[in-house]
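The values are calculated or read from the model by the stated rules, or taken from the named source; none is laboratory data. It should be emphasised that the depicted structure is a prediction, and the values quoted were computed from it without experimental measurement. Here the Cβ positions follow ideal geometry from the backbone for every residue, glycine too, while neighbour counts run over all protein chains shown.
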């Protein structure tokens, strides 16, 4: 895939915070998205040891609803940014973009193992990478970064709003019966409601949505090989 360069990569937290604040205004969260049979859904995952220098990215592209693996691209790079919660896109972004450049196909949708708008500055990794990708992107995180919520129902598909003050910033979705929920939020080029509806369509046998699960397996394999 080809895509424009948004900005130079920063090396300090104040520089990164300024980029998040500035580019959050560029997000388009007004577009409805409908998942259709035969669409290509990409999962994005990055694996690394907390104190290690190298980051290992995998982008697994699957065809929905059969979950046929169409393509998988990987990359390994030393990270230019430390591990700081809320700024992971600056640690993981360069290696994800390296992997993206190696993709031959163009996915219809990206699922990122991180947050989109469910972020203190409404600009998590899924939003940041969605601007680089220029494709509909959803954040699918395993833990909450900010906001408050009620507990969703115990059945798969149950969801409640994740809010900060009066603003809805995402969803808390039970992806399997009686398991811990996941946190869904729009990244870019998709509405809040479409992000939830799409995530519900992608529920499967596991807590983690299958495209991200596939990418996670591959990124861990690459990390172990290194």
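Some points to look at:
- Test result for residue 38, without any contact (Cβ under 8 Å) to a residue 40 or more places away in the chain and closer than 27 Å to residue 171 by Cβ: yes
- Conditions (1) part of a loop (DSSP other than H, G, I, E, B); (2) surrounded by fewer than 24 Cβ atoms within 10 Å (Cβ to Cβ); (3) touching a residue at least 24 places away in the same chain (Cβ under 8 Å): number failed by residue 91: (1)
- Of all residues in the range 124-164 being within 11 Å of the chain's Cα centre (by Cα) and part of a loop (DSSP other than H, G, I, E, B), the one that is surrounded by the most Cβ atoms within 10 Å (Cβ to Cβ): 124
- Out of 49, 71, 37, one residue alone is modelled with pLDDT under 95 and farther than 14 Å from residue 137 by Cα. It is 49.
- Output for the range 202-221, where each listed residue is surrounded by fewer than 20 Cβ atoms within 10 Å (Cβ to Cβ) and farther than 12 Å from residue 175 by Cβ: 216, 217, 220, 221
- Subset tally (residues that are under 20 Å from residue 128 (Cα atoms) and in a loop (DSSP other than H, G, I, E, B)) for the range 165-187: 0
- Restricting attention to the range 144-176, the residues that are closer than 21 Å to residue 212 by Cβ and touching a helix residue (DSSP H, G or I) at 6+ places or on another chain (Cβ under 7 Å) add up to 4.
- Evaluation of residue 83 against (1) in a loop (DSSP other than H, G, I, E, B); (2) touching a helix residue (DSSP H, G or I) at 6+ places or on another chain (Cβ under 7 Å); (3) closer than 23 Å to residue 134 by Cα (one fails), failing number: (3)
- Leading residue by the ranking (farthest from the chain's Cα centre (by Cα)) among those in the range 1-46 that are outside any loop (DSSP other than H, G, I, E, B) and under 24 Å from residue 210 (Cα atoms): 40
- For the range 56-82, the candidate set comprises residues that are within 21 Å of residue 23 (Cβ to Cβ) and touching a residue at least 12 places away in the same chain (Cβ under 8 Å); within that set, the residue that is surrounded by the fewest Cβ atoms within 10 Å (Cβ to Cβ) is 80.
- Flag for residue 49 being assigned to a helix (DSSP H, G or I), over 18 Å from the mean Cα position of the chain (by Cα) and farther than 19 Å from residue 211 by Cβ: no
- Being closer than 16 Å to residue 158 by Cβ, modelled with pLDDT under 95, assigned to a loop (DSSP other than H, G, I, E, B) and more than 13 Å from the chain's Cα centre (by Cα) is a property that residue 205 lacks.
- Set 23, 33: member being touching a strand residue (DSSP E or B) at 6+ places or on another chain (Cβ under 9 Å), buried (at least 16 other Cβ atoms within 10 Å of the Cβ), under 19 Å from residue 189 (Cα atoms) and in contact (Cβ under 8 Å) with a residue 24 or more places away in the chain: 33
- Enumeration of residues in the range 177-196 that are surrounded by fewer than 22 Cβ atoms within 10 Å (Cβ to Cβ) and either in contact with a helix residue (DSSP H, G or I) (Cβ under 6 Å, 6 or more places away or on another chain) or modelled with pLDDT under 95 (or both): 178
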